[in-house]
Amino acid sequence: MKVFSTALAAVLLVGSVSAFTTSTGKTAFRTSTFLNAERKTKAPVFDEVCETTGVTLKRFMGEVATLNPEITELTVLFGAIETACKAITNMVKRSQLPSSETLGYEGNVNIQGEDQKKLDVITNEVLKRALRFTGKLGVLASEEEDVPVGLTGEKELLIDEGEKYVAVFDPLDGSSNVDAGIPTGTIIGIYEYDEACKTDAEPADGVDAACLANTLQAGTNLVAAAYCLYSSSTFFVLTLGCGTYGFTLDENIGEFVLSHPNIQIPETGAIISFNEANTNNWDQPMIDVVTNWKRGTGASGNTFSSRYVGSMVGDVHRTLLYGGVFGYPGDKKNPSGKLRLLYEGAPMSFIMEQAGGLSTTGTQRVMEVEPDLVHERVPIVMGSKKDVQEVIDAYAAWKK
């Protein structure tokens, strides 16, 4: 079943579409939105195959590579990520069985000062191994790694002419709830690999400074982002900078198939997703806006209800589909918020913006925040465009 015309109409709400003929004779479509103009990487072009429900992720990426030869190598990375997500979904499903060795704590503490679940460590290794053998990646940063690492040694950086990309990821978001069967997820961001990294400089503590800098990029440099949600179904949602696309794992054939082409978040919603136990510690603009939403006296006039899972992937996925606002603002206890910028905030903001939403710290676009540290935290409020704009406006008025 083709739904291209519907998806195209949705794109027209946020930008314009131009059609042209590729070298293969196919008609392709280039979308142009106000967001693409603020990115530092080129947005690819898609055709009607990429808007057809039921198309497998492999076919989707193959079609994108045909239309955009410059990102052909990216399809190899996504093939590895797809395989890793399939492996992780089976681990999560089996984690409660008596025969499973994935339940409970590992006994170590990660760089965040958080107790590591066994699944944190295992899923981190699964993703590292999957990406390692693509030959397209030289350095990665993960929530479970103290520093960015290469893919051939414990803390050695792999520098090779074949490398093109940098990957950042949270291998199992929401893992603290996995023992209770709460939805969990994987978040991944892909940056281009800076050629300047190929230096002969002496490494510091096993990490070449020029290579480490490859991971410290603002979200505007992202070439792709994705998350995998392990829940009632396994969902794989991605953006290549030209819209947001959702796939669902069909376990009968073992493939992710396109189920949500060109996702467009409603411009306003009626659901908030915050840890409201922290409300009294928020900045006053945040308190005022959320209070108005719950009373039905906000700009939209909607009376918001509260839905909060405690897993960023699960909460953001619902927000994408239904509209509303997800957030973990800064507060008196954690002025910089709790979520990590590099491998949670920036990739999820990229996905949200490409679906027509907004993502802000309150005072700054999350995608434009330049990280100074690999595990840097950032306040985040993201979701429906008009609702998030209300937060931005409240902060702007407060600062005057």
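The values are calculated or read from the model by the stated rules, or taken from the named source; none is laboratory data. All values reported here derive from a predicted model rather than from experimental measurement. FYI the Cβ positions are ideal-geometry reconstructions off the backbone, even for glycines, and counts take in every protein chain you see.
Selection of the range 337-367 for residues being assigned to a loop (DSSP other than H, G, I, E, B) and either more than 17 Å from residue 266 (Cα to Cα) or among the charged types (D, E, K, R) (or both) yields 337, 338, 339, 361, 362, 363, 364. For the range 92-120, filtered to residues that are crowded, with 19+ Cβ neighbours inside 10 Å and part of a helix (DSSP H, G or I), the residue that is modelled with the lowest pLDDT is 118. For the range 254-264, indicate whether the set of residues that are surrounded by fewer than 24 Cβ atoms within 10 Å (Cβ to Cβ), out of contact with any strand residue (DSSP E or B) (no Cβ under 8 Å at 6 or more places or on another chain), farther than 16 Å from residue 353 by Cα and not assigned by TED's automatic domain parsing to the domain that holds residue 322 is non-empty. The answer is yes, given that some residue of the range 254-264 is surrounded by fewer than 24 Cβ atoms within 10 Å (Cβ to Cβ), out of contact with any strand residue (DSSP E or B) (no Cβ under 8 Å at 6 or more places or on another chain), farther than 16 Å from residue 353 by Cα and not assigned by TED's automatic domain parsing to the domain that holds residue 322. Just one residue in the set 154, 143 is within 19 Å of the chain's Cα centre (by Cα), of a type outside the set (Gly, Ala, Ser) and at pLDDT below 80; that residue is 143.
Every residue, every condition in (1) outside any strand (DSSP E or B); (2) over 29 Å from residue 330 (Cα atoms), yes or no:
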residue	(1), (2)
228	no, no
232	yes, yes
249	no, yes
267	yes, no
278	yes, no
303	yes, no
315	yes, no
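Only a single criterion out of (1) more than 20 Å from residue 254 (Cα to Cα); (2) at pLDDT 90 or above is not satisfied by residue 75, namely (1).
The residue pairs whose first member lies in the range 256-273 and is in contact (Cβ under 8 Å) with a residue 40 or more places away in the chain and more than 29 Å from residue 52 (Cβ to Cβ), whose second member is among the hydroxyl-bearing types (Ser, Thr, Tyr) and buried (at least 23 other Cβ atoms within 10 Å of the Cβ), and whose beta carbons are closer than 9 Å, counting only pairs six or more residues apart or on different chains, are 268/384; 271/319; 273/319.
Take the conditions of a type in the set (Val, Ile, Thr) and closer than 24 Å to residue 228 by Cβ and apply them to residue 391. Does it pass? No; evaluated as a whole, the condition is false for this residue. Which condition number in (1) surrounded by fewer than 21 Cβ atoms within 10 Å (Cβ to Cβ); (2) in a loop (DSSP other than H, G, I, E, B); (3) in contact with a strand residue (DSSP E or B) (Cβ under 8 Å, 6 or more places away or on another chain) is the one that residue 370 fails? Only one criterion is unmet by residue 370, namely (3).
Scan the range 319-336 and tell me whether some residue there is in a helix (DSSP H, G or I) and crowded, with 24+ Cβ neighbours inside 10 Å.
Checked against the condition, which is being in a helix (DSSP H, G or I) and crowded, with 24+ Cβ neighbours inside 10 Å, the range 319-336 yields at least one hit.
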